[in-house]
1. Out of the stretch 72-87, which residues are closer than 15 Å to Val27 by Cα and surrounded by 18 or more Cβ atoms within 10 Å (Cβ to Cβ)?
2. Can you report the number of residues in the stretch 133-142 which are open to solvent by 40 Å² or more (accessible area, probe 1.4 Å) and part of a strand (DSSP E or B)?
3. Could you give me the residue pairs with C-beta distances under 6 Å whose first residue belongs to the stretch 36-51 and is without any contact (Cβ under 8 Å) to a residue 24 or more places away in the chain, whose second residue is assigned to a loop (DSSP other than H, G, I, E, B) and of a type in the set (Gly, Ala, Ser) wherever it lies, and which are 6+ apart or on separate chains?
4. For the stretch 106-139, which residues satisfy the criterion of being more than 26 Å from Gly24 (Cβ to Cβ) and of a type in the set (A, V, I, L, M)?
5. Name the single residue, out of those in the stretch 35-71 being modelled with pLDDT under 95 and open to solvent by less than 60 Å² (accessible area, probe 1.4 Å), that is farthest from Phe85 (Cα to Cα).
6. Go through (1) more than 23 Å from Ala57 (Cβ to Cβ); (2) part of a helix (DSSP H, G or I) one by one and return the number of the condition Leu124 breaks.
7. Can you tell me which residue among Arg123, Arg135 is over 16 Å from the mean Cα position of the chain (by Cα) and among the charged types (D, E, K, R)?
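The values are calculated or read from the model by the stated rules, or taken from the named source; none is laboratory data. Since we're looking at a predicted model, the values are computed, not measured. So basically every Cβ, Gly included, is an ideal-geometry build from the backbone, and we count neighbours across all protein chains shown. The accessibility values were calculated without ligands, DNA or RNA, using every heavy atom of the protein model including side chains. Shrake-Rupley method; radii C 1.70, N 1.55, O 1.52, S 1.80 Å.
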Amino acid sequence: SGMAERLADRAVSRDQPTEAPASGPAVLNLFAYTGGATVACASAGATVVHVDAARTAVQWARRNAGRNGVGEHAVRWLVDDAAAFPSREPRRRHRYDGVVLDPPSYGHGEDGRTWRIERDLDRLVEDVQAVLSERPMFVVLSAHTSGRPPAWLAERLARGL
């Protein structure tokens, strides 16, 4: 229980620097939830920027990372609007070798704006394209939206990249 509070205190806000340490491939995990992809990428040697708007999800992910032997140096933990985050990264000159996206079907962003995958996914993919390094390794897109087959996601990803 005490560990959870210490981890909660260490989750950073969107106002703090976001650059991951400069060793291994840099991976951006958006809508990162409880950190499965973050743990997998960091365990494989990547440095990860883990972004989720839910502070409790980031706390949980941080605990999961610790339980899986992922060191604090490997992950930058951010509580931020995952849909808006990549649009700000080009100004910071941050680039990523890989991006993991698992957006919700519906949600709320900053200032009460709503997120709808049908309306907002294309813009998100364009923003992701702008933060990819010169030689990106991967972009993974998954979604759990009923009525949208994998081909729909693939089309949007191909169109934006």
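1. Scanning the stretch 72-87 gives Ala74, Val75, Arg76, Trp77, Leu78, Ala82, Phe85, Pro86.
2. Total meeting the criteria: 2.
3. Sorted first by the residue in the stretch 36-51, then by its partner, the pairs are Gly45/Gly24.
4. Pass one, the stretch 106-139, residues more than 26 Å from Gly24 (Cβ to Cβ): 106-123, 126.
Across the stretch 106-139, the qualifying residues are Ile117, Leu121.
5. Only one residue tops the list, namely Gly71.
6. Unmet for Leu124, out of (1) more than 23 Å from Ala57 (Cβ to Cβ); (2) part of a helix (DSSP H, G or I): (1).
7. Working: Arg123 fails: over 16 Å from the mean Cα position of the chain (by Cα).
Arg135 is the lone residue from the list that is over 16 Å from the mean Cα position of the chain (by Cα) and among the charged types (D, E, K, R).
Matching residues to (1) open to solvent by less than 10 Å² (accessible area, probe 1.4 Å); (2) in contact with a Leu (Cβ under 7 Å, 6 or more places away or on another chain):
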position: Glu89; (1), (2): yes, no
position: Arg93; (1), (2): no, no
position: Pro104; (1), (2): no, no
position: Thr114; (1), (2): no, no
position: Glu118; (1), (2): no, no
position: Glu126; (1), (2): no, no
position: Val131; (1), (2): yes, yes
